[in-house]
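*Asks:* Provided herewith is a single structure, encoded as structure tokens, for subsequent inquiry.
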């Protein structure tokens, strides 16, 4: 088992503030289930239950999330994929929400300023755990290895290029991290399609980049940049 420090480290590396006091709300409105907040096990269970009760009239998950633990993200994404639910992003879908939940949707619906922001993935995390004591690194590495195998199978299942979660961490972009408020990256709609994220539509197009704030900004990455 990972201790709290190890879990917090992983969450800081792979999400934004899943361990903050932010409350995640899940509720049904019309034919949509709204999921607002960090991706958490308890919130996932609530969504699964609400869908079971409303599956005949519900076909879309509207999500606004800064992310969360990778396995919670894949739990939610796999449920969405298996039940052929649409995913709608009106504001933002970041980190594990971008890595897993958005690509898993049957149809992906964006507002014309909704941002799908990537923050990194399991493929590039191994080098970032060196700050842990040596005896703890082994446990964390085991967690990463197990989760990585799951991630590989997940991307195969949804037919999306796994590099979607790591292209922005290539050497070409290293000078942008930590500079001018950049915390991650986004893709153009064409680049998302090249990476396997299809069936994207924009409410009142065209889509335009709207940064979340001066301190939380995303830079553009091409689908083939390495």
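The values are calculated or read from the model by the stated rules, or taken from the named source; none is laboratory data. No experiment lies behind these values; they were computed from the predicted model shown. Please note: Cβ atoms are built from the backbone with ideal geometry, for glycine as well, and neighbour counts cover all protein chains shown.
*Asks:* Quick one: in the range 113-138, of everything that is in a loop (DSSP other than H, G, I, E, B) and modelled with pLDDT of 95 or more, which residue is surrounded by the most Cβ atoms within 10 Å (Cβ to Cβ)?
*Replies:* It comes out as 114.
*Asks:* Right, something else. Does residue 191 fit the bill of being surrounded by 15 or more Cβ atoms within 10 Å (Cβ to Cβ), in contact (Cβ under 8 Å) with a residue 40 or more places away in the chain and within 18 Å of the chain's Cα centre (by Cα)?
*Replies:* Working: surrounded by 15 or more Cβ atoms within 10 Å (Cβ to Cβ): yes; in contact (Cβ under 8 Å) with a residue 40 or more places away in the chain: no; within 18 Å of the chain's Cα centre (by Cα): yes.
Answer is no for this residue.
*Asks:* I'm checking my understanding of the structure. Among residues of the range 11-61 that are in a loop (DSSP other than H, G, I, E, B) and exposed (fewer than 13 other Cβ atoms within 10 Å of the Cβ), which one is modelled with the lowest pLDDT? Let's see the steps before the verdict.
*Replies:* Applying the first criterion (in a loop (DSSP other than H, G, I, E, B)) to the range 11-61 yields 15-24, 30-31, 37-38, 40, 55-59.
Narrowing the set further to residues that are exposed (fewer than 13 other Cβ atoms within 10 Å of the Cβ) leaves 20-21, 23, 30-31, 55-57.
Working: 20: 45, 21: 50, 23: 85, 30: 96, 31: 97, 55: 95, 56: 95, 57: 96.
Restricting to residues being in a loop (DSSP other than H, G, I, E, B) and exposed (fewer than 13 other Cβ atoms within 10 Å of the Cβ), the top hit is 20.
*Asks:* With the condition kept exactly as written, say whether any residue in the range 139-158 is in contact with a helix residue (DSSP H, G or I) (Cβ under 8 Å, 6 or more places away or on another chain) and not in a helix (DSSP H, G or I). It would help to see each step written out before you state the result.
*Replies:* If we filter the range 139-158 for residues that are in contact with a helix residue (DSSP H, G or I) (Cβ under 8 Å, 6 or more places away or on another chain), which is where we start, we get 139-141, 143-144, 147-148, 150-152, 154-155, 157-158.
Right, trim to not in a helix (DSSP H, G or I) and you get none.
No: the range 139-158 contains no residue that is in contact with a helix residue (DSSP H, G or I) (Cβ under 8 Å, 6 or more places away or on another chain) and not in a helix (DSSP H, G or I).
*Asks:* Given the criteria over 19 Å from residue 101 (Cβ atoms) and without any contact (Cβ under 8 Å) to a residue 40 or more places away in the chain, does residue 156 qualify?
*Replies:* Values: over 19 Å from residue 101 (Cβ atoms): no; without any contact (Cβ under 8 Å) to a residue 40 or more places away in the chain: yes.
No; evaluated as a whole, the condition is false for this residue.
*Asks:* Got at least one residue in the range 87-99 being under 19 Å from residue 154 (Cβ atoms), surrounded by fewer than 19 Cβ atoms within 10 Å (Cβ to Cβ) and at pLDDT 95 or above?
*Replies:* Checked against the condition, which is being under 19 Å from residue 154 (Cβ atoms), surrounded by fewer than 19 Cβ atoms within 10 Å (Cβ to Cβ) and at pLDDT 95 or above, the range 87-99 yields no hits at all.
*Asks:* Continuing with this model, one more query. Take the residues in the range 165-187 that are part of a loop (DSSP other than H, G, I, E, B) and within 16 Å of residue 98 (Cβ to Cβ); name whichever of them is modelled with the highest pLDDT. I'd like the intermediate steps shown before the answer.
*Replies:* Within the range 165-187, the subset part of a loop (DSSP other than H, G, I, E, B) is 166, 170, 177-181, 187.
Checking which are within 16 Å of residue 98 (Cβ to Cβ) leaves us with 166, 187.
Details: 166: 91, 187: 97.
Among them, the one singled out is 187.
*Asks:* Consider residue 202 carefully, then state whether it is touching a residue at least 60 places away in the same chain (Cβ under 8 Å), more than 16 Å from the chain's Cα centre (by Cα) and not in a loop (DSSP other than H, G, I, E, B).
*Replies:* On the way: touching a residue at least 60 places away in the same chain (Cβ under 8 Å): yes; more than 16 Å from the chain's Cα centre (by Cα): yes; not in a loop (DSSP other than H, G, I, E, B): yes.
For residue 202, the condition - touching a residue at least 60 places away in the same chain (Cβ under 8 Å), more than 16 Å from the chain's Cα centre (by Cα) and not in a loop (DSSP other than H, G, I, E, B) - is met.
*Asks:* Give the residues of the range 74-112 that are on the phi < 0 side of the Ramachandran plot, under 14 Å from the mean Cα position of the chain (by Cα) and either assigned to a loop (DSSP other than H, G, I, E, B) or free of Cβ contacts under 8 Å to residues at least 12 places away in the same chain (or both), sorted by residue number.
*Replies:* Scanning the range 74-112 gives 91, 105.
*Asks:* For the range 200-220, indicate whether the set of residues that are within 16 Å of residue 66 (Cα to Cα) and in contact with a helix residue (DSSP H, G or I) (Cβ under 9 Å, 6 or more places away or on another chain) is non-empty.
*Replies:* yes
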